[in-house]
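Only the coordinates and a few stated rules stand behind these numbers; no lab work does. These numbers were taken from a predicted model, which means no experiment stands behind them. Because the Cβ atoms are built from the backbone with ideal geometry, glycine has one as well, and the counts that use them run over all protein chains shown.
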Amino acid sequence: MSEKNVDLDQILNEFKDYAPIRSQRSQPAAPRQRQPEPETPAPEIREPVREEPQPEMPRVREPEVREPVRREPPRWLPVAITAALLLVSCLCLGWILRNVHPGSGTVVSTKPAVNLSRRADLQPGETQTLTPEPVAESQDPGTEDPTEPAVPAKIHYVIEEGAVVAPDPNPDCFGNISINEPEKVLDVIRQAREYGLLGEDETVAFDPNVTFYYDEDIEYYLDETILVICWKEVIDGNTCSFAEVKIADASQFRRKFADNTFASANQYYSSELHKSTNAVVSMNADFYQNRDFGVVVYDRTLYRFPTSTYTGNFKKYNCLETCFVNGEGDFLFTELGQSFTEEELKQYIADNDILFSMSFGPVLVRDGQVLQCEWYPVGEIDRGYSRAGIGQVDKLHYLYMSLNHSPEQTARWSVNEFARHFGEKPVVNAYCLDGGQTGELVFQGRAYNHVDWGNERPVSDNIYFATAIGGTEVSE
């Protein structure tokens with residue numbers, strides 16, 4: 001600004017001439033008197049407070065909230081849910097009717113168990129009778145509810161008594177397993193347990209850890225009524241052939257006479273007898289027609305009981321230990337030199353339901369104990385020789401064993417050596433059959449073992465095991 005003095009009054013007077021000219025028509029409004037405004041107290045002057053700057057918080061984006069979209073369910077969904085629930089209900093009801101028996105509880109077999117053990121107090125000349133053991137009743141018949149639905153009876157197959165031909169085996173039930181994969185046989189055994197043919201805890205003779213002979217596969221047959229396993233095993237440097245058999249009914253364990261007649265003049269190869277009976281597996285028996293002594297029972301009938309004196313120091317009927325097979329498929333033995341009359345033997349056959357006999361011997365294993373033989377009239381017991389025998393592992397469970405020549409080696413076992421090795425298998429009882437060239441195991445229509453001299457020998461008889469599928473149905 002200039003330091004000159006400014007005259008304000010003079011400046012205001014100069015501007016009066018430029019004031020706007022008001023309209024002549026408009027009258028100036030009377031001035032309104034303004035009400036005095038209340039006095040407002042002066043604001044209190046405060047010192048400004050200095051605030052510390054706060055760190056800026058990150059901005060959180062609020063989630064976008066959307067209104068849920070409501071969808072109507074398909075029209076078919078309730079119908080599908082209802083159908084599924086109905087199906088599940090029907091399946092549950094069917095399972096209950098099939099598996100839950102009226103008044104079910106602990107199931108006890110009503111079939112009497114047979115004691116296979118030999119009496120300790122058995123005296124020389126005394127025969128042993130297998131006595132069925134008493135079985136407890138599973139439940140009080142009066143507690144059954146007649147309104148409950150009846151449980152379908154289990155079908156059991158048997159081969160009719162007197163039948164000379166068994167049902168045909170199913171070709172699809174035969175199988176081969178390489179000796180390089182013997183553990184696969186355990187799958188066959190598990191299947192037999194699922195069928196109920198083998199008990200869950202029942203011992204089997206087959207062992208995948210043995211030394212198998214190189215020239216033959218393991219062969220088997222399995223259906224709901226029979227299991228057969230055939231294998232060759234090297235024992236003590238010798239080749240042994242085995243057939244383990246489990247059957248569902250004793251009628252499947254059978255004996256075959258040439259021409260189905262006692263003392264027929266004809267003889268046949270074992271493979272021919274095998275095929276003529278539809279056997280699953282067969283083996284030699286005692287070759288009864290090769291000698292004129294020893295007891296012969298066939299189809300529950302006593303055919304031979306010679307009473308004349310033998311050329312040696314023993315009688316014909318008791319110079320051998322006889323193996324009887326009863327209606328339950330169990331082995332019963334007589335002892336060497338045991339005395340009984342013809343009438344007593346007939347009564348024994350009737351009392352013990354003897355189906356057939358085998359007269360060769362001796363007894364190799366009795367009640368789990370290996371026996372020592374000091375003298376016997378047949379079988380060249382002290383010589384190294386080919387051997388054959390059959391043992392009982394358990395109820396309706398058998399093991400056939402043969403020692404034969406092999407292409408590399410001639411068989412060399414005495415009867416006692418054969419008994420010792422047979423006793424190493426899980427057999428309760430075992431009996432020696434005719435061996436040598438007679439000893440033959442036939443499976444799938446041919447000799448499974450290596451027959452001595454490589455040729456079959458015509459024989460008068462054999463024993464065999466057959467399937468019961470296709471036989472008579474019996475409700476249990």
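When only the Cβ of Lys, Arg, Asp and Glu is charged (+1, +1, -1, -1), the dipole of the range 187-259 relative to its Cα centre reaches about 300 debye.
Got a sec? Charge dipole of the range 172-475, +1 on Cβ for Lys and Arg, -1 for Asp and Glu; which of T203, C432, C319 is way out at the positive end? Of the options given, the answer is C319. Computed from label points 7 Å out along Cα-Cβ, the spacing between N170 and Q372 is 5.0 nm. Exposure proxy ranking for E321, E374, based on other Cβ atoms within 10 angstrom of each Cβ and starting from the fewest, stands as E374, E321.
Kindly put Y157, Y317, Y195 in sequence by how many other C-beta atoms sit within 10 Å of each C-beta, fewest to most.
Y195, Y157, Y317
Between the range 428-453 and the range 216-271, the C-alpha centres lie 8 angstrom from each other. Listing W231, W375 from fewest to most neighbouring C-beta atoms within 10 Å gives W375, W231.
Under 8 Å for C-alpha pairs, at least 6 residues apart: give me the relative contact order for the range 168-235, rounded to a whole percent. Could you put the intermediate results ahead of the total?
Working: 77 pairs, mean separation 26.0, N = 68.
RCO, the range 168-235: 38 percent.
Normalised by the number of residues in the range 172-475, the mean separation of alpha-carbon contacts (under 8 Å, six or more apart) gives a relative contact order of 24 percent. Oblate is the label for the range 346-476. Its Cα gyration tensor axes, ordered a ≥ b ≥ c, give a/c of at least 1.5 and b/c at or above a/b. Pairs of Lys residues in the range 172-475 are counted when their Cα atoms are under 21 angstrom apart and they lie 8 or more places apart or on different chains; the count is 13.
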